[in-house]
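Below you'll find the structure, written out as structure tokens, and then a few comments.
The values are calculated or read from the model by the stated rules, or taken from the named source; none is laboratory data. Everything numeric here is computed off the predicted structure, so don't read it as measured data. Neighbour counts run over all protein chains shown; Cβ positions are idealised from the backbone, glycine included. Ligands, DNA and RNA are stripped out before the accessible areas are found, and what is left, the full protein with its side chains, is counted by its heavy atoms. Shrake-Rupley method; radii C 1.70, N 1.55, O 1.52, S 1.80 Å.
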Amino acid sequence: MEITDAICSFCGSLCDDLTVKVEDNKIVDVRRACRLGAGKILGHERINSPMIRNEAGKLEEVSSDSAIDKASQILLHAKRPLLYGWASTSCEAQSKGILLGEILGAVVDSTASICHGPTTLGVQEKGLPTASLGQIKNRADLIIFWGCNPIHAHPRHMSRYSGYLRGFFLDRGRQNRKFITVDVRMTETAAISDEFLQIEQGSDYVVLSALRAIVNGKGDLVPDVVGGVSKEELVHLSDMMRSCRFGAFFFGMGLTQSKGRYKNIDCALSLTNDLNTRTKFVITPLRGHYNVTGFGQVCSWQTGFPAVDLSRGAPYYNPGEMSANDLLMRDEVDASLIVASDPAAHFPNASVRNLAKHPLIQIDPYANATTEIADVVIPTAIVGVETEGTAYRMDGLSLRLRKLVDSDYPDDEEILDKIIKKVSREGDVC
Amino acid sequence: MKCDVNIITGRTIDQGANIDNKLSSDYFNACARCEIGAEDLKTLGLSEGSHVKVSTEFGSVVVSIALCDGNRRGVAFIPMGPWANAVVNPDTHGCGMPGFKGVLGSIEPADEKPLDLKALMSLYRGDTYGDY
Ligand code: SF4
């Protein structure tokens, strides 16, 4: 059987043009997916069974009911539970997770806090002059990649939305477009760009500010060299930006994780606003995991915030205080539920040590670093492969992921539902 | 010989392709590495694949060294993952985001081998049980 127009549930590009060949309920071929997507859809080794860490410190296979019982007990006894992850699951599961957080009075945070969390802070200050990827595909004659390397992280982004293909108003595809890459390293994306600005690490804010000054006619205030880049290069870049018909600015962790964090985003958004007084310019964060955008949406519509502390009886949001790493650095978390992510691999070691000190429940299809420090492990079905669900593309377009094969694994939603039932008291809405 | 570096971490396609396959040797090879420019490699007097100890005020880790022509002198790139995170700055500067890029540190030749994922995590578990 061939399934056409299947959606890839790996990165925030959510490519929706895959053809998947299924024989005897097994995926035997995937066409059009990149290496990242094909690897996921063709499958990796899975966690076989629910597990609980025994007194000898070994993970031991148990029944699903025992694992859910143990997980519920851990959460019920916690004073400051953290429910973290959520980027690689459906909006429906995310919604259940936030409900569970409300019942427990937990902090619910997503992988965005170590990814585009600062972007959200920047957007809260300046707004987001953006467009759909479809608009960018059809109109953008200038593309900027700043602090990102889509050839590695979003391999089909350029061929589907931002690079080579023809657009409605760009009938010669790549020939109609100019690419500019700004990065600390000469990346593969930089190598195929028309212009590459190799800036000094941590100088994004000053380079963006210098560009703003030039764009706004205050170039005389800009010194000869900024962030390792000559003023001539910056003037040339600003000329390209001002003279394009439709510019699209994509950015990644190079801005959110470098010195300045959300202030870099604030500055990039301001530059985009400045450029809109002269031409049309839009800006879009390159979101990593396929549904990290969805978590921001779901959490915002359920609680008013893109990440939330529900311990006070009313939703509370203050990144830097209630974000996962801040809580862990203060060793405040006394139990955690990790869904569809791997903080043990992706948090700084000081946070991982504190995460490992307290009971940890993992819900995930795959064994990873977090499994090594988990006390309860519950394997699940893969959304977009073994179960359907809703996800948001990086530009905020919601898409319905399809089920491609049957699976014996329960999905995240089902497991969360069971935990919710166990921890609910009379009067809880669930 | 020691070499001072500004460490940045980030995605690579090999890291991404093995993100759901973290206990594999492919993931280990993709992430337990540090990429530096030719000049720095020469300063260290090492060839690609040699083991080095990367140290910062936040920790140290042993990884393999690799050449990346795209890196300016003094810039070291470690793919995001448990090895990189042994040396990054946990301070979030009040916005939830730790310092995954722009961490000052040094690189020096090492006699030890890089720890695999399980061994690294058993250190964090801080107990004596497990396989290590
Ligand atoms: S670019 Fe992203 S969504 Fe598209 S096939 Fe590759 S991993 Fe999947």
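Brief remarks on what is shown
- Hits in region A:24-37 (condition: within 14 Å of chain B (Cβ to nearest Cβ) and more than 12 Å from the ligand (Cβ to nearest atom)): none
- A count restricted to region A:113-168 and to residues that are polar (S, T, N, Q), within 15 Å of the ligand (Cβ to nearest atom) and within 13 Å of another protein chain (Cβ to nearest Cβ) stands at 1.
- Residue among A:403, A:421 that is without any contact (Cβ under 8 Å) to a residue 24 or more places away in the chain, out of contact with any strand residue (DSSP E or B) (no Cβ under 7 Å at 6 or more places or on another chain) and among the basic types (Lys, Arg): A:421
Per-residue answers, yes or no, for (1) more than 11 Å from chain A (Cβ to nearest Cβ); (2) buried (at least 19 other Cβ atoms within 10 Å of the Cβ); (3) more than 16 Å from the chain's Cα centre (by Cα):
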position: B:1; (1), (2), (3): yes, no, yes
position: B:5; (1), (2), (3): no, yes, no
position: B:21; (1), (2), (3): no, yes, yes
position: B:32; (1), (2), (3): yes, yes, no
position: B:37; (1), (2), (3): no, yes, no
position: B:42; (1), (2), (3): yes, no, yes
position: B:50; (1), (2), (3): yes, no, no
position: B:59; (1), (2), (3): no, no, no
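- Residue in region B:99-131 that is nearest to residue A:319 (Cα to Cα), counting only those that are under 13 Å from the mean Cα position of the chain (by Cα), within 7 Å of chain A (Cβ to nearest Cβ) and not charged (D, E, K, R): B:100
- Applying the criterion of being polar (S, T, N, Q) and touching a residue at least 40 places away in the same chain (Cβ under 8 Å) to the residues of region A:277-301, the residue that is farthest from residue A:341 (Cα to Cα) is A:284.
- Criterion applied to A:40, A:21 was being under 13 Å from residue A:385 (Cα atoms), in contact with an Asp or Glu (Cβ under 8 Å, 6 or more places away or on another chain) and near the ligand (Cβ under 8 Å from one of its atoms), and the one residue passing it is A:40.
- Evaluating residue A:45 against the criteria (1) in contact with a His (Cβ under 6 Å, 6 or more places away or on another chain); (2) open to solvent by 10 Å² or more (accessible area, probe 1.4 Å) leaves one unmet condition, (1).
Yes/no matrix, rows are residues, columns are (1) more than 10 Å from every other protein chain (Cβ to nearest Cβ); (2) crowded, with 23+ Cβ neighbours inside 10 Å; (3) aromatic (Phe, Trp, Tyr):
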site	(1), (2), (3)
A:351	no, yes, no
A:355	no, yes, no
A:361	yes, yes, no
A:367	no, yes, no
A:387	yes, yes, no
A:397	yes, no, no
A:417	yes, no, no
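- Single match in A:13, A:64 (criterion: at pLDDT 95 or above and over 25 Å from residue A:134 (Cα atoms)): A:64
- Set side by side, the residues A:323, A:300 differ, and just one is within 11 Å of chain B (Cβ to nearest Cβ) and not β-branched (Val, Ile, Thr), which is A:323.
- Complete set of residues in region A:4-18 that are more than 7 Å from the ligand (Cβ to nearest atom) and open to solvent by 20 Å² or more (accessible area, probe 1.4 Å): A:4, A:5, A:16, A:17
- Total residues in region B:64-106, condition in contact with a Ser or Thr (Cβ under 8 Å, 6 or more places away or on another chain) and of a type in the set (Phe, Trp, Tyr): 2
- Number of positions in region B:99-122 that are in contact with a helix residue (DSSP H, G or I) (Cβ under 8 Å, 6 or more places away or on another chain) and without any contact (Cβ under 8 Å) to a residue 24 or more places away in the chain: 1
- Applying the criterion of being of a type outside the set (S, T, N, Q) and within 15 Å of the ligand (Cβ to nearest atom) to the residues of region A:286-299, the residue that is nearest to residue A:397 (Cα to Cα) is A:294.
- If you go through region B:76-98 and keep only what is buried (at least 22 other Cβ atoms within 10 Å of the Cβ) and either more than 9 Å from chain A (Cβ to nearest Cβ) or not in a loop (DSSP other than H, G, I, E, B) (or both), you end up with B:76, B:77, B:78, B:79, B:83, B:84, B:85, B:86.
- All conditions but one from (1) β-branched (Val, Ile, Thr); (2) under 22 Å from residue A:369 (Cα atoms); (3) in a strand (DSSP E or B) apply to residue B:65; the one that does not is (2).
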